[in-house]
Each structure stands twice: as C-alpha cells, then as structure tokens.
1. Local charge sum around Ala111 (other residues, Cβ-Cβ under 13 Å, Lys/Arg +1, Asp/Glu -1)?
2. Considering the options Ala53, Ala116, Gln92, tell which one lies farthest towards the positive end of the dipole of segment 22-141, charges being +1 on Lys and Arg and -1 on Asp and Glu at the Cβ, about the Cα centre.
Amino acid sequence: MRRLAWSALLLSSFLLAAGQPTWQGTWAATAGASGAFAGTWNAVPGEAPDTVAGNWSLRDQNGAELATGTWAAGKEGKVWKGTWQARRPSGQVYDGAWRAQVDLPATSHFARLFEAAIAKAVSGSWGIGNLGGAWTIRAYPAGAGQTQ
C-alpha cells in the first residue's frame, strides 16, 4: 500500500510539472580566498507569482558531485532574492541566501531572468553566515545539452 501511495504521489508531481516551463543551466561562484565553485541547476515556477524553486548540485573539476540541494526565490521590484540549502554526502547541511539586481524592467517575471541568462551570464551575490561571494549563472533551454 505504501509503495502504491508513493507511486501515485510521484506521478501526480510529474503531471503537475509537465505543463510548466522549466529552466536549467550551469553556475559558478567565488568565496573570497576560499576559491571557486561550480555546478548545475534547474528551476520551475513556484505556486505564487514571481516565485521559483529548483535543485542544484556542486561539482568538482572532474564533474563528480560534491553536494546537492534546493533553492527558492522571489522577486521584489528589480531585486531577485532567495534562499538555498545544500547537503554533502556526509549528511552535513548548509543554508544561505542569494540576491541579484539585474538590468531588466521591474515588471519582468522570473522567466525573463532565465531568458536573459541564455543570452549572457547573469550575476549576483550569495552568503552563508560571515562567508559570501559572487555567483554567475548561464541558462539553457529545457532539453538542451549542458557543458561545464
């Protein structure tokens, strides 16, 4: 019975997401003197207007996954901001925040941010406690191949 309920839940999640636009891409970030990080991300529209949620991964130079996580964001005027969480294979969890102020009209929706990131990288800042840095994303149309 549990397996049937779990299967029904997964199927309904896929059906709900099937009609929504999705975005995916790569990201890179700096962390002061600690170095640089990179990985992949994906996103779907949130339930509320101008919100989005997704998953992301942190990868080493060889493409091996070092951590995975989730992220969510909302938009206020020209400022796009959100939160993120990551879990390492050891189980250690990290969470923080990010923000971006981009050269788009204040009336632009999240889809426009991702469309802009297809044409050229979009950047912002991130933080966790006293640590922070800059980030950049590139977006690719859903289904397109990604390279790192």
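1. Charge balance near Ala111 sits at 0.
2. Ala116
Where a number appears in this text, it was derived from the coordinates with a stated rule and is not lab data. Given the structure is predicted, the values throughout are model-derived calculations rather than measurements. Neighbour counts run over all protein chains shown; Cβ positions are idealised from the backbone, glycine included.
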